Amino acid sequence: MLELDGVETRYGLSQALFGVALTVGRGEVVTLMGRNGMGKTTTVRSIMGLTPADAGSIRFDGREIRGLASFRVAQLGIGLVPEGRQIFPNLNVKENLVATASDRTGSPNPWTLERIYALFPQLAGLQGRMGIQLSGGEQQMLAVGRALMTNPRLLILDEATEGLAPLIREEIWRCLLQLKAEGLSILIVDKNVEALLRIADRHYIIERGRIVWNGTSAELTAAPDIQHRYLGLS
């Protein structure tokens, strides 16, 4: 579904990614983990064309997408839940959900307002509330719902549960488990290793712009030294 090979990205003269390679298969949940400032968000931005990569290949469903404008990448079927949520503060919940809604890929069971409200019942009672009036957890649910309303074939979440209360974090993990059960391909950036080991199939760890480890949940669970060295876990 998604394949990065030898991706290098710079901010001006400063290189942030060095030959990054990773894959996400159909129906797979894959994580990208690492400490702050190691290149996770830059990798996501490179995939989406927000910070264009300087070298390497980024392929989605067999098509080269490196160099495409970000809106073209989204139109191909990649939905992004960005770091910081970035919902529209001057639109209400319903308007946020329908503002970018589309079904360009012809999904057999497209996402609708009704499906989003069934996934996140809390949003159903907030349809008329403005984005700026929502709590952080409500905004994150809305950001996930907004991305799903584009009917993506691949969903990317950058810092999926950062800054959220424990109950809201569990709600997000529940949602992702349901989406996994429905066969959606998902790439997750987050720091909650315990939850990620529970729901993801495979993991990549990035350190100073380079992928330094990759493997399954079972392999990462059995490697506490790797967790300690690259994720700061004892």
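Where a number appears in this text, it was derived from the coordinates with a stated rule and is not lab data. Note that this is a predicted model, so its numbers are computed, not measured. Here the Cβ is made from the backbone with ideal geometry for all residues, glycine too, and neighbour counts use every protein chain on show.
Annotations
- About the centre of its Cα atoms, segment 2-231 shows a dipole size close to 280 debye [charges on the beta carbon of Lys, Arg (+1) and Asp, Glu (-1) only; nearest 20 debye].
- Label-point separation in nm, Arg35 to Ser107, each point 7 Å along Cα→Cβ: 3.8
- For the chain, the longest site-free run once trypsin sites (Lys or Arg not before Pro) in DSSP loop states with at most 16 other Cβ atoms within 10 Å are removed: 130-207
- Label-reachable residues, segment 168-183, where backbone N falls under 13 Å from a point 7 Å from Gln122's Cα toward its Cβ: 168-175
- Hypothetical label at Glu182: residues of segment 28-65 whose amide nitrogen lies under 20 Å (7 Å Cα-Cβ projection): 28-31
- Efficiency of FRET between Arg229 and Ser14 - r from beta-carbon atoms, R0 35 angstrom, step 0.05: 0.90
- Using only the C-alpha atoms, the convex hull of segment 2-231 corresponds to 117 Å³ per residue.
- With one equal scatterer per alpha carbon and no solvent term, the Debye-computed log10 I(q)/I(0) for segment 34-170 at 0.11, 0.14 1/Å reads -0.42, -0.68.
- Inter-label distance, nm, simple model (7 Å from Cα along the C-beta direction), Ala218/Asp201: 1.5
- Sorted fewest first by neighbouring Cβ atoms within 10 angstrom, His203, His228 come out as His228, His203.
- Model label zone, Glu162; criterion: amide N under 12 Å from point 7 Å along Cα-to-beta-carbon; scope segment 37-58: 37-45
- Contact order normalised by residue count of the chain, Cα under 8 Å, 6+ apart, percent: 27
- Cα point-scatterer Debye curve for segment 40-95, base-10 log of I(q)/I(0) at q = 0.29 Å⁻¹: -1.23
- The simple spin-label model puts a point 7 Å past each Cα toward its Cβ; for Arg174 and Arg115 those points are separated by 2.0 nm.
- Inter-part distance where segment 174-207 and segment 41-64 are each reduced to a Cα centre, Å: 20
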